[in-house]
Amino acid sequence: MTRRTVGANRPVWTAVVILVALMVATPVLAVVLDGVGSIGEAVIPRGLPEMMLTTLALMLGVAAGTLLVGGGLAWLVTAYRFPLRNTLVWLLVMPLAVPAYILGFVFLSVFDVAGPVQSALRAVLGSEVWVPQVRSLPAAVLVMSLSLYPYVYLLVRAALIEQSADTYDAARTLGAGRGRTLRRVLLPLARPSLAAGLSLVMMETLTDFATVQYFNVQTLSVGIYLIWKGTFNFHAATQLAVLVLLFAVAVLASERALRGRARYHQRGGRGQSIQPEQLRGARGWAATTLCIAALAAGFLIPVLQLLAWAVQEAVENPGFLADPRFGEYLVNTLFVATVTALACVVLSVTVGHGMRMSGGRIVASAVQLTTFGYAVPGAVVGIGVLISFAAVDTALERAGVPGGTGLLVTGSVLGILYAYVIRFLAPAYQAVDASFAKIPPTVTFAALSLGAPPRRILARVHAPLARPGVAVALMLVAIDAVKELPIVLLLRPFGFTTASVWVYELARENFWEKASLPALVIVAAAVLPVFVLVRHAHRAETGRRASS
Amino acid sequence: MSPRPFIAASAGLITLMAALTGCGIIGGQPADLQIYSARHYDLEGAFGQFTDETGITVEFISGDDAELLERLKAEGVDTAADVFMTVDAGSLWNAARLGELAQLESAVLDGAVPEDLRDPQGQWYGLAMRARTVTYNPDNVDPSEFETTETYAGLADSKWEGRLCMRDATSAYTQSLVASLIDLHGREKTLEIVRGWVANNVEIMSNDILLLEAIDAGTCDVGINNHYYLARTLEENPDLKVDLFWASPDGAGTHVNISGAGVVEGSDNPGDAQRLIEWLATDGQNPFVDGNHEYPVNPTVEPEPGIAAFGEFKRMPLNAEAYGDLNAEAVDLLAEAGYK
């Protein structure tokens, strides 16, 4: 453990952190208990070793892919100036707004055997022309990397901007080249952000179910569904879920390892950011092309395809456009996303502050517990919420409370919100924690020694200093929540539908032209927080430039 | 974040949650009947017509068979659901086995639904039928090439090498077909059949529509599809170069599966729930099945013209217990054969 905590023995804050952890971890633990409790009853599915290898290969592949694309682009737009750079800086985040399950389908319909690309190839080169297999692991890695790279891009870019140019200039004046400075100075300093970004990406990959299935890649998450639905054996499915969780533990452990024992807060005030270098002529346009290619693959092409379908549908069936469900579902979607984002941020800041106020092994483990929900597929989290409330009900009825909690979970949106918080607290905490990590303990010490009580330090010192992380956390959770499908599908009360459920209902029956309109609603709803996120980053950046 | 917005955000959040819990949250008066449905297509139309005829209002939550079943189990006696509707006979059998469905006694249903398409104890009834059969590109295949006594097994013949496209092993359609083959032939023979498909380098597609488009484009010659996907695609594009062959016309017949429903045990409105199922099996057959080009289960009801054009076929009798019981074995067998 690094010295990120100040003092110990503040039982109130210890209790607060443990309470949050228990609340968030209970449903996940319920699933684990179900899985572990039924070992021996359920058969181990054939092909499990292969699923594990596939999962590992996919995760490493996507990690490498997002590192290359996200990290590379972050470096490119931070260290260089080239045509359209100022616009591309924020456009490059846009792929976040396209859910991977939509991107996967669009990719297949464009590039698969009957799609326009291969049809054109066959028309020009004859029917025997060789094309790489579209439904394959490498293609899944490619599509998921293009969809998830913004996580790495955002976090690495923020880290690069936050680094003062002094460090960079010092390395340069000491004779290090740009590349060497990047490797030896900037990258090590950006390590926490890099690690955080990659672990988010790997968790998303681990729990993805929809995209991998389009590419016929059998990961452990696909295995959960295969066993659950194919064998009518829920316990066998929870056992696989435990295995998925173990993978997540491995990811979190490697993230810790990658962060290392070092401290990353820079002493003194923040200086000027790195000054970008102008790329001229062909090199400049090459940089522009690279950025546009990533943007096109992850955002422009899928959105254009959706628009094309939408226009086709609107022409055939103009009444569909006036469907009042668009408005209703959009409002529902934005509502759950906003509440979830606020809840996750409040909890993250509380936990981060509690961690700082009251360190120790127990608190640190409790904090780790809060992040596991992100590593469990949404449907499993939903089931965890259901079975833990069923258990509470039984206990309450035994204790003489008739009816127990009744239909608290599935009779209202509370169940959805609870499950969302479990699922998305991890990205929120990652972002907030990254900001906390940069607050030197001396600041907290100073506040304490001046006699400020912890509550006041939270409000006046920690929360304000964690502001960059808070903003990122709000937006990341909002975007994730807008796109989320399995939880809302499982836990929604009668009369409550979101845009993603509508897409699911239509897409499940392969009505892609029809599904394109609600899919565009999701993209539009997700673009909103993406845009705010970018504006915020932009303001922070220009603000720093101006103040220096 | 300065202290004030932080506190404001927390306060706002707490108020919002309180407001939500307080006012019963979203949606007004619940409908008379509440339905968990794994089937989504055309429900609004059919239910709307039911409400017009009977005055009984209906609302539904769509989802997936297995997930809705877990929800039903967890909600127990508190559940709001009156009817559980799935798209797989095995799931219905499983829900009945777990005691989630009430036993009905209904002369109407016994008369309307053929015996193999309903539960002997009256816990569930089939309402719409789909067939999973062979589709092919008439430019590249002469239907006389198909094996007439066991068409599914015939596709394991080496003459189809490099010409086959099928759905993935994760698909419930594939699993249920293989489960019925295990029921018909036993495990060993079925394993041989699936190994034959794999040996023919079967191309695995992740959805039925893409599969039909691949056959149309000529990148595969033969596939296995649900009949209604072909009907729908033909409706959109009458020039589609895909024809349908009824599997095993001289043998056991074509594999079918059903969408069906049962009344939830503990429903607070079982009378109306039963009435809805009875209506769907009789007067409601056409509004319920036609939009999705499915076959009515009720032999007195005519299928819609699009699928009537596919002609009569002999269907394999549906053994729901086998679908439910053997599905796990089908999953295992597919993995053993290396079928993805």
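The values are calculated or read from the model by the stated rules, or taken from the named source; none is laboratory data. Remember, predicted model here, so these are calculated numbers, not experimental data. Virtual Cβ from ideal backbone geometry, glycine too; neighbours counted across all protein chains shown.
Here are some notes:
- Filter result for A:Leu448 (free of Cβ contacts under 8 Å to residues at least 24 places away in the same chain and surrounded by fewer than 20 Cβ atoms within 10 Å (Cβ to Cβ)): no
- Test: residue in the range B:302-325 that is touching a Lys or Arg at 6+ places or on another chain (Cβ under 8 Å) and crowded, with 19+ Cβ neighbours inside 10 Å: yes
- Being closer than 30 Å to B:Tyr229 by Cβ, surrounded by fewer than 22 Cβ atoms within 10 Å (Cβ to Cβ) and touching a Gly at 6+ places or on another chain (Cβ under 8 Å) is a property that A:Leu485 has.
- Taking the criterion of being within 7 Å of another protein chain (Cβ to nearest Cβ) and touching a residue at least 40 places away in the same chain (Cβ under 8 Å), no residue of the range B:49-64 qualifies.
- Residues located in the range A:375-406, provided they are in contact (Cβ under 8 Å) with a residue 60 or more places away in the chain and not β-branched (Val, Ile, Thr): A:Ala375, A:Pro377, A:Gly378, A:Ala379, A:Gly382, A:Gly384, A:Leu386, A:Ser388, A:Ala391
- Of all residues in the range A:464-482, at least one satisfies being over 22 Å from the mean Cα position of the chain (by Cα) and either part of a helix (DSSP H, G or I) or buried (at least 21 other Cβ atoms within 10 Å of the Cβ) (or both).
- Filter result (more than 17 Å from A:Ala525 (Cα to Cα) and either within 11 Å of chain B (Cβ to nearest Cβ) or in contact (Cβ under 8 Å) with a residue 40 or more places away in the chain (or both)) within the range A:322-348: A:Ala343, A:Cys344, A:Val345, A:Val346, A:Leu347, A:Ser348
- Some residue of the range A:448-465 being modelled with pLDDT of 90 or more and of a type in the set (Val, Ile, Thr): no
- The range B:268-291, subset assigned to a loop (DSSP other than H, G, I, E, B) and at pLDDT 95 or above, residue farthest from the chain's Cα centre (by Cα): B:Asn269
Conditions (1) surrounded by fewer than 23 Cβ atoms within 10 Å (Cβ to Cβ); (2) among the acidic types (Asp, Glu); (3) at pLDDT 95 or above, marked per residue:
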position	(1), (2), (3)
B:Ile7	yes, no, no
B:Ala19	yes, no, no
B:Ser37	yes, no, yes
B:Asp42	yes, yes, no
B:Asp52	yes, yes, yes
B:Val77	yes, no, no
B:Gln103	yes, no, yes
B:Asp110	yes, yes, yes
B:Arg118	no, no, yes
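- Elements of type helices (runs of 4 or more DSSP H) contained in the range B:179-260, each with 3 or more residues being over 23 Å from the mean Cα position of the chain (by Cα), of a type outside the set (A, V, I, L, M) and surrounded by fewer than 20 Cβ atoms within 10 Å (Cβ to Cβ): B:187-199
- Taken over the range A:435-454, the residue count meeting the criterion of being under 30 Å from the mean Cα position of the chain (by Cα) and in a loop (DSSP other than H, G, I, E, B) is 3.
Here is a yes/no grid of residues against (1) assigned to a helix (DSSP H, G or I); (2) more than 22 Å from the chain's Cα centre (by Cα):
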residue	(1), (2)
B:Glu67	yes, no
B:Glu105	no, yes
B:Gly122	no, no
B:Val141	no, yes
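- Looking only at the range A:425-438, residues that are buried (at least 24 other Cβ atoms within 10 Å of the Cβ) and in contact with a Phe, Trp or Tyr (Cβ under 7 Å, 6 or more places away or on another chain) come to 2 in all.
- Residue count for the range B:254-272, restricted to those that are out of contact with any Gly (no Cβ under 9 Å at 6 or more places or on another chain) and farther than 16 Å from B:Asp110 by Cβ: 10.
- Residue tally, condition at pLDDT 85 or above and either within 27 Å of A:Leu476 (Cβ to Cβ) or within 13 Å of another protein chain (Cβ to nearest Cβ) (or both), over the range A:124-149: 14
- Filter pass, A:Ile416 being buried (at least 24 other Cβ atoms within 10 Å of the Cβ), among the β-branched types (Val, Ile, Thr) and part of a helix (DSSP H, G or I): yes
- Looking only at the range A:45-55, residues that are surrounded by fewer than 22 Cβ atoms within 10 Å (Cβ to Cβ) and assigned to a helix (DSSP H, G or I) come to 6 in all.
- For A:Gly382, the stated conditions do not hold, so it cannot be described as on the phi > 0 side of the Ramachandran plot and either at the interface with chain B (Cβ under 9 Å from one of its Cβ atoms) or surrounded by fewer than 17 Cβ atoms within 10 Å (Cβ to Cβ) (or both).
- Residues (hydrophobic (A, V, I, L, M, F, W, C) and touching a Leu at 6+ places or on another chain (Cβ under 9 Å)) located in the range A:43-71: A:Leu48, A:Met51, A:Met52, A:Ala57, A:Leu58, A:Met59, A:Val62, A:Ala63, A:Leu67, A:Val69
- Test result for B:Asn292, of a type in the set (S, T, N, Q), closer than 30 Å to A:Val222 by Cα and in contact (Cβ under 8 Å) with a residue 40 or more places away in the chain: yes
- Within the range A:161-200, the residues that satisfy the criterion of being over 17 Å from A:Leu76 (Cα atoms), without any contact (Cβ under 8 Å) to a residue 24 or more places away in the chain and hydrophobic (A, V, I, L, M, F, W, C) are A:Ala170, A:Ala171, A:Leu174, A:Ala176.
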